[in-house]
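Below is one structure, written out as structure tokens, with a few remarks after it.
Only the coordinates and a few stated rules stand behind these numbers; no lab work does. If you're wondering where the values come from, they're calculated on a predicted model, not measured in any experiment. We place every Cβ from the backbone using ideal geometry, glycine too, and count neighbours over all the protein chains shown.
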Amino acid sequence: MADPNSLISIKGLRDGLLVTLGNAPWEELRGALMEQIAARQSFFQGARVALDVGAQIFHVNDLSELRDTLSERGINLWAVVSESPTTEQTSQLLGLATRISKPRPQEITQAASAESGQQTSLFIGRTLRSGTRIEFGGHVTVLGDINPGAEVIAGGNVIVWGRIRGAVHAGANGDPSSAVCGLDVSAAQMRIAGEVVEAPDQAELRNPQKISVVDGRARFESWSAE
């Protein structure tokens, strides 16, 4: 089977994720989609997904089976966009939307190259607004704030030269040595590897902080030049 990344394209939408299928038989596309979901479970968990199937023809059984399969994985299929009148009618019969808003330019979904064998970095020189979801296999640095409703998922560290008021997941590939750093983390929603980090309600968290996990417990320490 072809590389799943060449068959499936994923972009951020105002209402969730837009998954666009390439030109291949449905069984091959379905396999590629399931493979991507299995490899990026934390990214897809709880996501609302719109599916652009191009000219693929789907009947009720096909779409209902796909919707149920995605639901079992914590994914909500809410829209199907198609060039096929049959598929569009099927989608409407199942109560799925067939029109979606276009992706907003500031929304990014990006994965690091697994072939390099090295951890890479992504630099974002702006504030991330609500509805923006960043996913990257290496380290992520944000020069700006992460606003409420925005999310950053990184395989490595997350460094924010600003306020973290949205959701951040460092070490998403299971690396417990990853850390989150921010100038103000008092309103952050954080995860490091498989641990949910609960920030204590302290005014000090409005000062630069480095958050890591040591022996299964969150450690907050001053983030400053030594």
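With the condition kept exactly as written, say whether any residue in the range 131-141 is of a type in the set (S, T, Y), surrounded by 18 or more Cβ atoms within 10 Å (Cβ to Cβ) and over 16 Å from the mean Cα position of the chain (by Cα).
Looking for residues that are of a type in the set (S, T, Y), surrounded by 18 or more Cβ atoms within 10 Å (Cβ to Cβ) and over 16 Å from the mean Cα position of the chain (by Cα), one finds none in the range 131-141, hence no.
Could you please find all residues in the range 122-179 being in contact (Cβ under 8 Å) with a residue 60 or more places away in the chain and not in a loop (DSSP other than H, G, I, E, B)?
R133, E135, I153, H169
Can you find a residue in the range 122-138 that is more than 20 Å from K11 (Cα to Cα) and not charged (D, E, K, R)?
The answer is no, given that none of the residues of the range 122-138 is more than 20 Å from K11 (Cα to Cα) and not charged (D, E, K, R).
Within the range 19-33, can you find the residues that are of a type in the set (A, V, I, L, M) and within 16 Å of V49 (Cα to Cα)?
Across the range 19-33, the qualifying residues are V19, L21, L29, A32, L33.
Would you point out which residue out of V196, V160, V142, V180 is closer than 21 Å to K11 by Cα and in contact with a strand residue (DSSP E or B) (Cβ under 9 Å, 6 or more places away or on another chain)?
Matching residue, one of V196, V160, V142, V180: V142.
Just to verify a result, which residue in the range 37-72, among those that are among the β-branched types (V, I, T) and in a helix (DSSP H, G or I), is surrounded by the most Cβ atoms within 10 Å (Cβ to Cβ)?
By that ranking, first place goes to I37.
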